[in-house]
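Worksheet: one structure, shown below.
The values are calculated or read from the model by the stated rules, or taken from the named source; none is laboratory data. Bear in mind that the values here come from a model prediction, so they are computed numbers and not experimental data. Cβ atoms come from the backbone with ideal geometry, glycine included; neighbour counts cover every protein chain shown. We work out accessible area using only protein heavy atoms, side chains counted, and drop any ligands, DNA or RNA first. Shrake-Rupley method; radii C 1.70, N 1.55, O 1.52, S 1.80 Å.
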Amino acid sequence: MSNVKDALLVATGDDDDTLTRLLAAADSFIAEHTGRAFGGGTFTEVHAGNTGLLFLRNYPVSAVAGVRVDAARQFGTDTILPAANYVLHADRGVIESVGGVFLRSRGRRGSAGAPGTVQVTYSTPTDAVPGAVKEALSQLVGHWYRLAKTSEDLGGVLLTETSDGAETKQYTWSLASGLKVPAGVLQILAPFRVPAA
């Protein structure tokens, strides 16, 4: 919260409730938009087995608890792949099979290589949020905060300009435009999005 308040030049605690709500919304948006959880933790994902590379949603990876390969998709303890059978590229969240694909398809209609035949449990550090993502978060909260303050200043009326006869105020962003996320924030987040499967 203090980083965002510093970025917005907010020195008091008067708007802390609003900023807390906006921070939670921005965190949620960034996770949804990128497909990643930047806060870190332990994750379990299921991938297709007919490939030699698994692209994990969250990275950098601090540890892999287990890779399980199972055509039946039961993932019992007997399906754990020995660590010597794969290589972790931690910085990019990629697990590479040493022996080709993780699970070969059996025939044209076989389900051995179908989606959901490899399960990976792994962890990411809790203090590794990229600076650019922090900046996107600050910019998004700042944008929404300014919209809220402008709306408050205008008494909730959607205007782009007001005049009291002596002074005219112009609002360079339109509350009526429907633009909730600035293009610059989307541009910052673009490299962090999980590629579509």
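Its Cα gyration tensor gives segment 37-146 an equivalent ellipsoid, and the semi-axes of that ellipsoid, as √(5λ) in whole Å with the largest first, are 33, 15, 12.
What angle, in degrees between 0 and 90 and rounded to the nearest 10, separates the Cα long axis of helix 131-153 from the longest principal axis of the Cα atoms of the chain? The answer is roughly 30 degrees. Computed from Cα positions, the angle between helix 16-34 and the longest principal axis of the chain comes to roughly 40 degrees.
Across all directions of projection, what mean area in square nanometres is found for the Cα convex hull of the chain? All intermediate terms of the calculation are to be shown ahead of the outcome.
Working: hull surface 60.0 nm².
Value for the chain: 15.0 nm².
Between Ala37 and Ala166, the simple spin-label model (points 7 angstrom out along Cα→Cβ) gives 5.6 nm. Among the protein heavy atoms, those of Ile188 account for about 40 Å² of accessible surface (1.4 Å probe, every chain in place). Taking only the C-alpha atoms of segment 1-92, Rg followed by Dmax gives 19.5, 58 Å. For the pair Glu96 and Ala7, the difference between a 0.36 nm per residue extended length and the Cα-Cα distance amounts to 28.0 nm. Derived scalar couplings between HN and Hα for segment 163-170 equal 9, 9, x, 9, 9, 10, 9, 10 Hz in order, rounded to whole Hz, by the Karplus curve 6.51 cos²θ - 1.76 cosθ + 1.60 (θ = phi - 60°), x for Gly and Pro.
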